[in-house]
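Structure first, commentary second.
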Amino acid sequence: MSTRIQVVVDEEERERFRRRAEAEGLSLSAWLRKVGRERLAAAGRRLATTKDLRGFVARCDAREK
């Protein structure tokens, strides 16, 4: 069962979100769900080794064009 969530943001922020979603080929709703899921997954990960840290930095670099 799906539930609707209302999020209040100003117009400028909404437009920035929408443009980013469009750039990724997603609707705004799909993009917000994706970002939320990514944040939840990231919160469960720990950087326990140097390899973990290097992987994290590589993923960050890949996201920031």
Search result, residues across the range 1-32 that are under 17 Å from residue 63 (Cβ atoms), in a helix (DSSP H, G or I) and not hydrophobic (A, V, I, L, M, F, W, C):
16, 19, 20, 22
Residues located in the range 40-59, provided they are among the charged types (D, E, K, R) and either in contact with a Ser or Thr (Cβ under 9 Å, 6 or more places away or on another chain) or surrounded by 10 or more Cβ atoms within 10 Å (Cβ to Cβ) (or both)
45, 52, 54, 59
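Of 64, 22, which residue is open to solvent by 70 Å² or more (accessible area, probe 1.4 Å), within 13 Å of the chain's Cα centre (by Cα) and not small (Gly, Ala, Ser)?
On the way: 22 fails: within 13 Å of the chain's Cα centre (by Cα).
The match here is 64.
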So which pairs qualify, if the first residue must be in the range 30-46 and closer than 19 Å to residue 14 by Cα, the second must be in a helix (DSSP H, G or I), the Cβ gap must be under 6 Å, and the two must be at least 6 apart or on different chains?
31/21
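The values are calculated or read from the model by the stated rules, or taken from the named source; none is laboratory data. Owing to the predicted nature of the structure, the values given are computational and were not obtained by experimental measurement. Cβ: placed from backbone, ideal geometry, glycine included. Neighbour counts: every protein chain shown. Ligands, DNA and RNA are stripped out before the accessible areas are found, and what is left, the full protein with its side chains, is counted by its heavy atoms. Shrake-Rupley method; radii C 1.70, N 1.55, O 1.52, S 1.80 Å.
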